[in-house]
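Worksheet: one structure, shown below.
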């Protein structure tokens, strides 16, 4: 991070919201807002290919997801390299995710079964300082930290009588 | 899903890879490949705003991440509505994620603390069938199922002697 970085307090909440609207066959318009610590807006979309009944007008959700993971760990490595004085001449990362897909009655169920991240850092720093940079980046990576724990996702459904938990 | 859908076996592996390359100040070029069950390629990118030392040429990783989650649950709802014969006249979803951000020495650490998904389905089907559709979609949503469990992420680092675990 450089000198233009916003001064952050010792502790803060980072909040993102995404409003999705179904359009076309399988396309979703995704309006994303970072609400805190300051507001920013991003327009994205997902779609599916013809085999899933879509028109391939945007990447599928899993492409957005693995891009988020890969971009997040890379961003932390770059940001923390500056803070830890580890010179970074080049950085390439390859992430792999596998899910198991099982047909069940008319639908299917799914479960993740492999996460691998290969990190290729070109640096003049000694090996142990590059290892320390990676360790630090893992702890600062919002998405890695999210995947490494069991999260509870709360769902609500709109009804004529108001929002109800489902 | 429609009649053009590829016939899937009873069980399959879905594999995605993302090759990230650091360019510019904070931009990452993200080349995504679905490797299995069939191959497809998508080019994405992430960046950061000026306050994080970036040029804002692409959405930040967390915007890609929440878009993936929102798009995934929406896609499952639409795909499974057809399979379960639940008419879907309109679908809107709002997802909210909060992370706690804590400064630590020269860097910071982070942890997720809230996941909420509000689902607004316009359907002529009875309430309990719409609830059943949502329950089924949760189990079929690759990203929800990933977030709901503690995942192990394996890291390797490139060294002159080859790849080593870190």
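The values are calculated or read from the model by the stated rules, or taken from the named source; none is laboratory data. In this text, all values refer to a predicted model and were calculated from it rather than measured experimentally. Neighbour counts are summed over all protein chains in view; Cβ atoms, including those assigned to glycine, are modelled from backbone coordinates with ideal geometry.
Look through B:98, B:109, B:144, B:116 and report the one residue that is touching a residue at least 24 places away in the same chain (Cβ under 8 Å) and at the interface with chain A (Cβ under 7 Å from one of its Cβ atoms).
Among B:98, B:109, B:144, B:116, only B:144 is touching a residue at least 24 places away in the same chain (Cβ under 8 Å) and at the interface with chain A (Cβ under 7 Å from one of its Cβ atoms).
Condition first: closer than 30 Å to residue A:37 by Cβ and within 23 Å of the chain's Cα centre (by Cα). Can you find one or more residues in the stretch B:124-139 that meet it?
No: zero hits.
State all residues of the stretch A:52-81 that are part of a loop (DSSP other than H, G, I, E, B) and at the interface with chain B (Cβ under 7 Å from one of its Cβ atoms); if no residue qualifies, say none.
A:53, A:59
For (1) over 19 Å from the mean Cα position of the chain (by Cα); (2) farther than 26 Å from residue B:52 by Cβ; (3) crowded, with 22+ Cβ neighbours inside 10 Å, each residue gets a yes or a no:
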| residue | (1), (2), (3) |
| --- | --- |
| A:10 | yes, no, no |
| A:31 | no, no, no |
| A:41 | no, no, no |
| A:45 | no, no, no |
| A:64 | no, no, yes |
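Please enumerate the residues belonging to the stretch B:79-90 that are buried (at least 20 other Cβ atoms within 10 Å of the Cβ) and either touching a strand residue (DSSP E or B) at 6+ places or on another chain (Cβ under 6 Å) or within 30 Å of residue A:8 (Cα to Cα) (or both).
Matches in the stretch B:79-90: B:80 only.
Check B:103, B:125 and return the single one that is surrounded by fewer than 20 Cβ atoms within 10 Å (Cβ to Cβ) and modelled with pLDDT under 95.
When all the criteria are applied, what remains is B:103.
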